[in-house]
Amino acid sequence: MKNLIFVILIGISNHTFSQTIEDIDSVSIVMCDYLKELDIENDTLKISSLYEKQLFPYLEKVDQSKSKQIGEKVFYRLQRNCVEFRNLLDRLEPPKEAAVRITKNPTSTISKNQLKEFKNQKNFYYFEVDGDTTKVSMNEGIWKDKFSNETYSKLTYNWVTDTEFELTFIDSNNKTRSNFSVKGDKYIYKVLSKQDNYYLMSLNIPGQKTFEKFKLYYKKTMPNNG
């Protein structure tokens, strides 16, 4: 069925191609399925095959004045929708802090007092893949990322359990984030434990079976991005 969706999408002529997020997500799912079945060990050859056999034929069928924009959207939505693609990119370009991905929802061991401290904390930061520092403000139901280039992302947060809160994407003027997420996309964060200068967190995208552990720093000696 997914392959059929892909064939239908690329067969639509330029003047009728809607390029909705549903179309792009459908293509990303087909590309993910292709990647899962791709029997190539070399990661560089693997991503080249993915682009040549799936992405480029798709882009040939869209309005060429919009092909770059659509290609970027597919690239980032593929990261969001496909764990295998995220793993592939991490191997090709290892992040500053390696992602720890597991298939079982991790157990939180944080104490009640430590959790209370987290909920009273308003300012955090974390590291991007390339090592840049992103500042976070978390206050009155609004989560805001401030990136090193002075762009931002804005989301709402809502506690769903004692240790878990749901982030809902609103908007962003950051190129990566605005392509990765669309309004209404949700993410579940869990506070796992408190360490000397960070909280260990987990992230789950609803509908996916992977949980990603990451560090959310809270020390006041936060790097200055301006």
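The values are calculated or read from the model by the stated rules, or taken from the named source; none is laboratory data. Since the model is a prediction, treat every value here as computed from it, not as a measurement. No Cβ is skipped: glycine too gets one built from the backbone with ideal geometry, and neighbour counts run over all protein chains shown. For the accessible areas, the whole protein counts, side chains as well, though only heavy atoms, and no ligand, DNA or RNA atoms are used. Shrake-Rupley method; radii C 1.70, N 1.55, O 1.52, S 1.80 Å.
Numbers below:
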read-out	value
Residues being over 27 Å from Glu93 (Cα atoms) and surrounded by fewer than 17 Cβ atoms within 10 Å (Cβ to Cβ) - total across the stretch 126-142	5
Segments classed as strands (runs of 3 or more DSSP E), wholly inside the stretch 128-217, with at least 2 members that are within 13 Å of the chain's Cα centre (by Cα)	164-172, 186-194, 198-204, 211-217
Out of Leu59, Leu45, Leu35, sole residue that is modelled with pLDDT of 90 or more and farther than 28 Å from Lys183 by Cα	Leu45
Selection count, the stretch 143-165, where residues are farther than 16 Å from Leu216 by Cβ and open to solvent by 30 Å² or more (accessible area, probe 1.4 Å)	10
Pairs with Cβ under 7 Å, 6+ apart, first in the stretch 102-123 and assigned to a helix (DSSP H, G or I), second open to solvent by 50 Å² or more (accessible area, probe 1.4 Å) and not basic (Lys, Arg)	Leu115/Asp162
Close pairs (6 angstrom Cβ cut-off, 6 or more residues apart or separate chains): at negative phi in the stretch 65-85, modelled with pLDDT under 95 and not in a helix (DSSP H, G or I) anywhere	Ile70/Gln19; Ile70/Val62
Among residues of the stretch 41-69, those that are closer than 13 Å to Ile24 by Cα and polar (S, T, N, Q), counted	3
Residue among Asn123, Asn87 that alone is open to solvent by 80 Å² or more (accessible area, probe 1.4 Å) and out of contact with any Asp or Glu (no Cβ under 7 Å at 6 or more places or on another chain)	Asn123
